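Student: Can you keep this structure in mind? I'll have questions shortly.
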Amino acid sequence: MPSGGLHHLIDAHYEALYRYAYRLSGSAADAEDLTQETFGKALARLPQLREPDRARAWLFRILRNLYLHKVRDQKRHKVVPLDAVGDLADRDTDQEMPEIDPAKLQQALNELDEAFRTPIILFYFEEFSYRDIAEQMDLPIGTVMSRLARGKAYLRNRLAPEHGTDNDPDGTGPRHEKAAPGPKKVTDGVP
Amino acid sequence: MECRDAQFYLRLRRHTTDELGPDVAGTLEGHLAICPACAADGRAAVSFDRALTAAMRAVPVPSGLREKLFTQAASAQGAVLRHKLYRTGGLVTAAVLLIGIGFGVFSSTRPKADSELLTRTATDQANDPAGSVGRFLAAKKLPDRLPMPFDYDLLVHVGTDEVQGQQVPVVVFRSSNGDSGFAKVYIFKSDSRFDLRGLQDAQGSHARAQVLVGQDKFRGATYVFVHTGRDLKPFLLNRNGGGNPA
């Protein structure tokens with residue numbers, strides 16, 4: 001990639017990277033630092049970028065690694081254990097979902113373990129396929145799908161109007177989660 | 001497809017690019033068409049995904065971030081370029097130093113050509129060939145002239161040749177006949193040994209060799225005349241006189 005490649009990369013991806021960093025870290029300052037560090041690392045490793053078409057995934061991967069490195073030794077916050085959370089949310093939700101408050105979304109994301117948060121963020125940016133997410137996280141695609149299903153179920157319960165903050169004053173997570181079992185054939189995450 | 005499966009797939013269905021594949025997607029759509037509960041779930045899932053996508057992307061990007069990133073990139077690239085420049089400069093300097101040192105060593109160990117001396121010698125030889133031969137021989141502690149009346153206008157060279165492992169003074173004349181003939185006069189000190197046959201052979205099959213052991217004024221030297229032609233007449237002043245060493 002020519003020397004002007006980094007400027008092109010910045011223009012093309014800095015906004016998405018910042019948003020990703022913000023959703024991962026939950027902090028504007030951390031997001032800015034992570035974005036800057038990502039491009040710093042990218043400059044040093046630019047010759048390793050063999051396929052410019054994969055630049056977006058490459059940059060997202062660098063950013064996530066930097067984030068994980070930062071929080072490795074930190075217990076930033078109490079995360080909700082999702083072992084008890086099923087793949088499915090309540091069924092009584094046949095109504096139009098109102099607008100979600102981005103701050104509440106961030107609060108809910110912060111409560112999620114990174115292993116569930118990252119696929120959710122990448123999924124809802126709708127720029128990464130399941131396969132892309134699996135490559136980002138070095139996971140089997142089935143595991144990614146399973147985590148997504150569980151993470152979405154949690155968020156839906158957490159953010160649905162009847163389960164808003166008013167109904168969850170202690171912020172300890174959803175009380176109405178049902179450990180509804182998924183189909184037997186997908187218990188390992190592979191449909 | 002059962003409701004339980006349908007609900008699972010509804011969570012994984014993407015509404016822009018469906019990655020479930022045509023088989024699963026088709027079966028799921030078929031089930032939603034006949035199951036009002038799952039169809040309601042499907043609508044709710046679509047609605048939830050839409051709301052969550054909008055909220056997920058609702059992150060204001062700081063206005064100065066782009067400029068910060070460009071400044072940081074320029075600074076980092078400058079540092080990289082400087083690093084490369086310093087490294088290249090260092091290599092060039094090292095190469096120049098090595099070449100300089102090598103040249104210095106070569107120059108200091110190489111025998112220096114004394115151009116002034118060479119010029120003086122050549123001029124001297126051209127202006128006073130007999131005198132230059134005499135001074136050369138005297139410098140070698142030999143009789144200061146040759147025992148034969150050579151025509152010094154035919155002088156070609158005066159110096160030393162390596163003969164059978166020793167440096168021997170030699171005076172070379174060209175032939176007055178205008179051909180490529182030559183006469184070389186090697187002057188050995190009397191106590192030195194040499195192989196006359198080998199000396200003759202070294203000059204070519206057409207050369208002859210004669211030896212004159214110095215007497216009187218020429219005592220202490222042995223002269224070996226190697227020449228083309230039958231005798232030395234073409235190289236002497238009195239070319240009509242005797243052509244053999246006295």
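Student: Of the residues that sit in segment B:182-216 and are modelled with pLDDT of 85 or more and over 23 Å from B:H157 (Cα atoms), which one is nearest to the chain's Cα centre (by Cα)?
Tutor: Out of the qualifying residues, it is B:Q215.
Student: Moving on. Mind telling me which of the residues B:L10, B:L28 ends up being in contact (Cβ under 8 Å) with a residue 24 or more places away in the chain, more than 10 Å from every other protein chain (Cβ to nearest Cβ), surrounded by 15 or more Cβ atoms within 10 Å (Cβ to Cβ) and assigned to a helix (DSSP H, G or I)? Spell out the reasoning first.
Tutor: Details: B:L10 fails: more than 10 Å from every other protein chain (Cβ to nearest Cβ).
Matching residue, one of B:L10, B:L28: B:L28.
Student: Against the condition modelled with pLDDT of 85 or more, within 11 Å of chain B (Cβ to nearest Cβ) and either in contact with a helix residue (DSSP H, G or I) (Cβ under 6 Å, 6 or more places away or on another chain) or not in a helix (DSSP H, G or I) (or both), how does A:L105 come out, does it pass? Talk me through it step by step, then tell me what you get.
Tutor: Details: modelled with pLDDT of 85 or more: yes; within 11 Å of chain B (Cβ to nearest Cβ): yes; either in contact with a helix residue (DSSP H, G or I) (Cβ under 6 Å, 6 or more places away or on another chain) or not in a helix (DSSP H, G or I) (or both): yes.
So A:L105 fits the description; yes.
Student: Determine which member of the set B:G178, B:G165 is closer than 22 Å to B:R239 by Cβ, out of contact with any strand residue (DSSP E or B) (no Cβ under 9 Å at 6 or more places or on another chain) and open to solvent by 20 Å² or more (accessible area, probe 1.4 Å).
Tutor: Numbers: B:G165 fails: closer than 22 Å to B:R239 by Cβ.
Result: B:G178 is the single residue among B:G178, B:G165 that is closer than 22 Å to B:R239 by Cβ, out of contact with any strand residue (DSSP E or B) (no Cβ under 9 Å at 6 or more places or on another chain) and open to solvent by 20 Å² or more (accessible area, probe 1.4 Å).
Student: Do we have any residue at all in segment A:15-31 that's part of a helix (DSSP H, G or I), away from chain B (no Cβ under 11 Å), polar (S, T, N, Q) and surrounded by fewer than 16 Cβ atoms within 10 Å (Cβ to Cβ)?
Tutor: No, segment A:15-31 contains no residue that is part of a helix (DSSP H, G or I), away from chain B (no Cβ under 11 Å), polar (S, T, N, Q) and surrounded by fewer than 16 Cβ atoms within 10 Å (Cβ to Cβ).
Student: Further question: Looking at segment B:182-213 only, could you name the residues that are in contact with a Pro (Cβ under 9 Å, 6 or more places away or on another chain) and open to solvent by 10 Å² or more (accessible area, probe 1.4 Å)?
Tutor: B:Q210, B:V211, B:L212
Student: Against the definition (open to solvent by 20 Å² or more (accessible area, probe 1.4 Å), more than 28 Å from A:Q107 (Cα to Cα) and not in a helix (DSSP H, G or I)), how does A:R45 come out, yes or no?
Tutor: Numbers: open to solvent by 20 Å² or more (accessible area, probe 1.4 Å): yes; more than 28 Å from A:Q107 (Cα to Cα): yes; not in a helix (DSSP H, G or I): no.
Here the answer is no, as A:R45 does not meet what is asked.
Student: Could you check, for segment A:82-94, whether at least one of its residues is modelled with pLDDT of 85 or more, more than 14 Å from the chain's Cα centre (by Cα) and within 11 Å of chain B (Cβ to nearest Cβ)?
Tutor: no
Student: I would also like to ask the following. Can you spot a residue in segment B:175-198 that is without any contact (Cβ under 8 Å) to a residue 40 or more places away in the chain, within 20 Å of B:D151 (Cβ to Cβ) and part of a strand (DSSP E or B)?
Tutor: Among the residues of segment B:175-198, not one is without any contact (Cβ under 8 Å) to a residue 40 or more places away in the chain, within 20 Å of B:D151 (Cβ to Cβ) and part of a strand (DSSP E or B), which makes the answer no.
Student: Right, something else. Identify all residues within segment B:42-56 that are over 25 Å from A:Q107 (Cα atoms) and facing another protein chain (nearest Cβ under 7 Å); write none if there are none. Write out each step before concluding.
Tutor: Within segment B:42-56, the subset over 25 Å from A:Q107 (Cα atoms) is B:42-43.
Correct list: B:R43 only.
Student: Return yes when B:P62 is facing chain A (nearest Cβ under 7 Å), out of contact with any strand residue (DSSP E or B) (no Cβ under 9 Å at 6 or more places or on another chain) and free of Cβ contacts under 8 Å to residues at least 24 places away in the same chain and no when it is not.
Tutor: On the way: facing chain A (nearest Cβ under 7 Å): yes; out of contact with any strand residue (DSSP E or B) (no Cβ under 9 Å at 6 or more places or on another chain): yes; free of Cβ contacts under 8 Å to residues at least 24 places away in the same chain: yes.
Answer is yes for this residue.
Student: Another question, if that's okay. With the checklist (1) within 30 Å of A:H13 (Cα to Cα); (2) touching a Gly at 6+ places or on another chain (Cβ under 8 Å) in hand, flag the one item B:D49 doesn't pass.
Tutor: Going through the list (1) within 30 Å of A:H13 (Cα to Cα); (2) touching a Gly at 6+ places or on another chain (Cβ under 8 Å), B:D49 breaks only (2).
Student: While we're here: List, please: which pairs have Cβ atoms under 8 Å, are six or more places apart or on different chains, and start with a residue in segment A:43-66 that is in the same structural domain as A:A16 (by TED's automatic domain parsing) and end with one that is surrounded by 13 or more Cβ atoms within 10 Å (Cβ to Cβ) and β-branched (V, I, T)?
Tutor: Partner pairs satisfying both residue conditions: A:L43/B:V80; A:R45/A:I62; A:L59/A:T38; A:I62/A:T38; A:L63/A:T35; A:L63/A:T38; A:R64/A:T118; A:L66/A:T38.
The values are calculated or read from the model by the stated rules, or taken from the named source; none is laboratory data. No experiment lies behind these values; they were computed from the predicted model shown. Note that we place each Cβ from the backbone using ideal geometry, even for glycine, and neighbour counts take in every protein chain shown. These area figures cover heavy atoms from the full protein model, side chains too; ligands, DNA and RNA do not enter into them. Shrake-Rupley method; radii C 1.70, N 1.55, O 1.52, S 1.80 Å.
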